[in-house]
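All remarks here apply to the structure that follows.
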Amino acid sequence: MNILKSSLLFSASALLLAGCGGVTPLISTPISNIDAIPLKVTPLTESQMKVWNLADLATDTIPGMSVDRAYNELLQGKKGEEVIVAVIDSGIDIEHEDLKNVIWTNPKEIAGNGIDDDKNGYIDDIHGWNFLGDVVAENMEFVRIIRKLKPKYEGKEASDVSAEDSAEFALYNKAKAEYEIEAQKTQAQTAQYKGILEQLKPAHAAISEKLGKEDYSKEDLAGIQNPTEAEQGQIAMLTQMLNYDDNIPAFIKQVQGGVDYFEGRLNGHFSMTEDFRGVLGDNPDDITDTNYGNNDVDGPDPKKEDAKHGTHVAGSIAAQRNNGIGMDGVADNVKIMVVRAVPDGDEYDKDIALAIRYAVDNGAKVINTSFGKYYSPNPEWVWDALKYAAKKDVLIVNAAGNDGIDLDEKQVYPNDQKLNEAEFSDTFLTVGALNYKYGGELVANFSNYGKTSVDVFGPGVKIWSTTPLNTYEFLQGTSMASPNVAGVAAMIRSHYPKLSAKQVKQVLMDSGISTITPVVLGGEPSNTNTLNNISTSGKMVNMYNALIMASKM
Ligand SMILES: [Ca+2]
Ligand SMILES: [Ca+2]
Ligand SMILES: [Ca+2]
Ligand SMILES: [Ca+2]
């Protein structure tokens, strides 16, 4: 490992660092003391927004990960080793124009011969494995719990239940209470969004005809001469809606998307009757029953809608850099292993445990896990898989979740710790989401947080990345923050391959940048705290600093 020799120190501000195994020396100084940096007051332009995760707080006043700066100042002419990053997610469009050259191919498997050539237990697994087969929609885990326990406990009181069953009975009741709240909330949201659409569509039809254009502004609306009473109502409504989006047709699409989403939840996430899993043919309660799924890693939908989430995640990590199309991922020398295990609904513990083991056994050095849930019937299967990954020197980068809550007070799965207990793995990194606004709104209003449960923060609001069929979109969530950090992790492993997964986790945490500015939590203005009180490291991941720190280890 490279060491910083004091004799090479030639100035207070610039350090000459000895490179690792033929790597040329770095001349650089880590970023610190960002609290003196003036706040950016002008809004980001569209083109700045598409790359804000790569920006540099010190030079651009945008709280990105200093990725561009790292490439420009630290990595010129350096290639590093190729690193396999597994994306356990909803599937990935492996034919996407900006991803197809960065997809992992299993070197020991012969495609399409129906034989498990590499004897890893999976037939023709060329780019990864699809543990979901043709499953797309799924129940929430608390719905599965209710469905499973209902025959045993329906209509029973606590006094009817034996002492040995009391914990299970309590779980059943807790799941039922959760279901009632969530299903009702979703029904109300569906009705609300439908109600907006019912008024919005005819208003837009009438007014756009009158103005002779689909895209109009508040000023256009205010300029309509002698409106009738009906038109006055329509103008008032459309003016209000222009507060949410400056384009009404786009806003209508958004509202329709909301209706579709909430109806989808009612028919899928909360369905008490549909048998989603049956088509797989396995026993989900038996971890040893591993013969299921297929190699169709973008999932069953020809439009690949189900693979949108995973495709976006993969792009943030590794979309081909500098190829003149699409976008630049964070990492430039990785191959993405596709492991499809996360349905539209809650993932099964069994699929996740087997997915992690698949990734570890087939050479992944980093695994991204942008999913999570609050109920888990077999957490030990996943915990064992996390320990297995740690033993095999694999780093897992995990999304903290999007409920704006303190994870020190609520158990989430997967996780490397039980509530108020010490971590049992040192290679599992939980990532909260940052906003592109430096200052009080720095932490995304949806991001979970937690002094002992969330390790670091990374960019997660309005992230531009690849989506299926050669498209690109802004999405947001801790699901987007995790792959940004996974990309940095892959770059450390690429350029400093001798560092262990544990060391890479430490570098990501220790080398980040912090701020003393209190940030709003959960979108609740009265709830503010500083980064060091809402995460273990108190820091935002920074690739520039991380590479410098890694070079010194
Ligand atoms: Ca195989
Ligand atoms: Ca084969
Ligand atoms: Ca590209
Ligand atoms: Ca942890």
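The values are calculated or read from the model by the stated rules, or taken from the named source; none is laboratory data. Keep in mind that this is a model prediction, so the values were computed, not measured. Neighbour counts run over all protein chains shown; Cβ positions are idealised from the backbone, glycine included. Side chains are part of the model used for accessible areas, which takes the heavy atoms of the whole protein and leaves out ligands, DNA and RNA. Shrake-Rupley method; radii C 1.70, N 1.55, O 1.52, S 1.80 Å.
Could you list, in sequence order, the residues of the stretch 79-95 that are on the phi > 0 side of the Ramachandran plot and open to solvent by 10 Å² or more (accessible area, probe 1.4 Å)?
Within the stretch 79-95, just Gly80 meets the criteria.
Restricted to the stretch 310-404, the set of strands (runs of 3 or more DSSP E) holding at least 1 residues that are under 24 Å from Pro459 (Cβ atoms) and open to solvent by 40 Å² or more (accessible area, probe 1.4 Å) comprises 334-340. In the stretch 534-550, the qualifying residues are those that are in a helix (DSSP H, G or I) and either in contact with a Pro (Cβ under 9 Å, 6 or more places away or on another chain) or at pLDDT below 95 (or both), and the one that is nearest to Asn484 (Cα to Cα) is Tyr544. Check whether at least one residue in the stretch 86-107 is touching a Gly at 6+ places or on another chain (Cβ under 6 Å), away from ligand 1 (no atom under 16 Å from the Cβ) and among the charged types (D, E, K, R), and report yes or no. Yes, that holds for at least one residue.
When Lys253, Lys218, Lys194 are screened for being closer than 30 Å to Ile146 by Cβ and open to solvent by 40 Å² or more (accessible area, probe 1.4 Å), only Lys194 passes.
I'm checking my understanding of the structure. Among residues of the stretch 96-107 that are touching a residue at least 12 places away in the same chain (Cβ under 8 Å) and out of contact with any strand residue (DSSP E or B) (no Cβ under 7 Å at 6 or more places or on another chain), which one is farthest from ligand 2 (Cβ to nearest atom)? Filtering the stretch 96-107 for residues that are touching a residue at least 12 places away in the same chain (Cβ under 8 Å) and out of contact with any strand residue (DSSP E or B) (no Cβ under 7 Å at 6 or more places or on another chain), the one farthest from ligand 2 (Cβ to nearest atom) comes out as Glu97. Within the stretch 117-132, the set of residues being more than 6 Å from ligand 2 (Cβ to nearest atom) and not hydrophobic (A, V, I, L, M, F, W, C) comprises Asp118, Lys119, Asn120, Gly121, Tyr122, Asp125, His127, Gly128, Asn130.
Of all residue pairs spaced 6 or more apart or on separate chains, those with beta-carbon atoms under 8 Å, a first member in the stretch 402-413 that is under 15 Å from Ser479 (Cβ atoms) and a second member that is acidic (Asp, Glu) and open to solvent by 40 Å² or more (accessible area, probe 1.4 Å) are Gly404/Glu524.
Considering Asp296, Asp289, Asp285, Asp275, which residue is within 23 Å of the chain's Cα centre (by Cα) and surrounded by fewer than 19 Cβ atoms within 10 Å (Cβ to Cβ)? Among Asp296, Asp289, Asp285, Asp275, only Asp296 is within 23 Å of the chain's Cα centre (by Cα) and surrounded by fewer than 19 Cβ atoms within 10 Å (Cβ to Cβ).
Residues are listed down the side, and each one gets a yes or a no for (1) open to solvent by 40 Å² or more (accessible area, probe 1.4 Å); (2) modelled with pLDDT of 95 or more; (3) in a helix (DSSP H, G or I):
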site	(1), (2), (3)
Arg147	yes, yes, yes
Ser166	yes, yes, yes
Glu178	yes, yes, yes
Lys185	yes, no, yes
Leu200	no, no, yes
Ala230	yes, no, yes
Ala236	yes, no, yes
Tyr244	yes, no, no
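Taking Asn291, is it within 29 Å of Ile94 (Cβ to Cβ), among the polar types (S, T, N, Q) and within 16 Å of ligand 2 (Cβ to nearest atom)? For Asn291, the condition - within 29 Å of Ile94 (Cβ to Cβ), among the polar types (S, T, N, Q) and within 16 Å of ligand 2 (Cβ to nearest atom) - is met.
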